[in-house]
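Peer 1: The structure under discussion is supplied below as structure tokens; questions concerning it will follow.
Just so it is clear, none of the values below were taken in a lab; they were calculated from the coordinates. Just so we're clear, the structure is a prediction, and the values are computed from it rather than from any experiment. No Cβ is skipped: glycine too gets one built from the backbone with ideal geometry, and neighbour counts run over all protein chains shown.
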Amino acid sequence: MRFFFKTICLAVFVLILSVSCNSDDGTVVVNLQDLAVTLDENPLNGDVVGTVQSDVTTTNFSITSQSPSGALAINTNTGELTIADAMLFDFETNPSITANVTADNAANLAIITIDLNDLFESSVPGNTSTEFVIGSDAYVTPKAYLLVDDASVDGEYDREFSFVFTDGDIVEDATNEIAFETSTTVFTKVTCNLVFTSPNLVDTPFFVWDPQANPNGFVSIIMSGNNFSRFGVANFTNTFSAGSQTFGQPADGTLLNHTAQPQGSAPNNLLTINARTFDLNTMTGTIDCSYSYVDDNGVAVTGVFVGNYEILTAF
């Protein structure tokens, strides 16, 4: 009797197991696994994202929904997901891409989540009023600094001044004149030099010029000195902390003018100031300007900046 009872219990257990693993019509129920991945933005069409896994072999995988629409494609036999429209994999537009996937006899939807890494990239020229352009690529520089040589060495302010347009902060640095915040990836520096020296800060040429008083409504100056740009900067040397930020000297990236020798003046190297304001009490101002120059490597650089700037003088 005891043997018979055990046999009955085993048969019931097998029956329950069979019912739990099969649908009413005897088909096997499939459980799909969610998929979460992280990818660099700007991939290529056809790149593999990953494969939807299941606890039982199945086919006829399909995407039931996705956001944004058309971003992904799936292999119906294997569940492999690939990129269908690489243009949608842009961090600034779609930092995260999602989808739901089903398959034959699936008891659930597989939830697909793709998070994109934000990479350094150029913008489209003309899309912003704070950029410089190299060839067909534009690099956004939302911050500007006016560098004016102070009177600590020769008792007079220098006739030279420079603008630095960048995507990070800069500070005065006694060793290297200026230091860049280590989050900086792009910058361009344009330098102007006139034929006279100024006895004090307020008489420095930049502050004396009045574009609105000019018959043409602008002031155009031939640039001189070291005019250069860098982009794609990732590493810095001689770093130090100032407040909560870290500053240093760019140690890599593309340097269009990698020499330390002045270029001298050239008619093609122009800074054109359409409008400007300044406040020497707060050491700030606004400027509407454009610039163009050919660096020592023969590369043409053009740029525009319309916005606020800070004045730095400890050089």
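Peer 1: What ³J(HN,Hα) values, in whole Hz, does the Karplus curve 6.51 cos²θ - 1.76 cosθ + 1.60 give for the range 268-278 when θ = phi - 60°, with x put for Gly and Pro?
Peer 2: Working through the residues one at a time gives 7, 9, 10, 10, 10, 9, 8, 6, 7, 10, 7 Hz.
Peer 1: Less than 13 Å Cβ to Cβ from Asn274, Lys/Arg counted +1 and Asp/Glu -1: what total charge do the surrounding residues give?
Peer 2: It works out to a net charge of -1.
Peer 1: Measure off 7 Å from each Cα along the Cα-to-Cβ vector at Val306 and Ala242, then give the distance between these two points in nanometres to one decimal.
Peer 2: If labels sit at Val306 and Ala242, their model points lie 2.9 nm apart.
Peer 1: Antiparallel versus total DSSP beta bridges in the range 27-117: what percent is that, nearest 5?
Peer 2: Percent antiparallel among DSSP bridges in the range 27-117 is about 70.
Peer 1: Here is a further query. Residues with beta-carbon under 15 Å from that of Ala138, excluding Ala138: net charge, scoring Lys, Arg +1 and Asp, Glu -1?
Peer 2: Residues close to Ala138 contribute a combined charge of -4.
Peer 1: Taking neighbour counts of Cβ atoms within 10 Å as a proxy for exposure, in what order, fewest first, do Glu41, Glu131, Glu92, Glu177 appear?
Peer 2: Working: Glu41 17, Glu131 24, Glu92 10, Glu177 14.
Neighbour counts put them in this order, fewest first: Glu92, Glu177, Glu41, Glu131.
Peer 1: Right, something else. Would you mind computing, in nm to one decimal, how far apart the modelled labels at Trp209 and Ala234 are, each placed 7 Å from Cα along Cα→Cβ?
Peer 2: Using points 7 Å along Cα→Cβ, the separation is 3.8 nm.
Peer 1: Within 14 Å, Cβ to Cβ, of Pro68, how many net charges do the neighbouring residues add up to if Lys/Arg are +1 and Asp/Glu are -1?
Peer 2: -4
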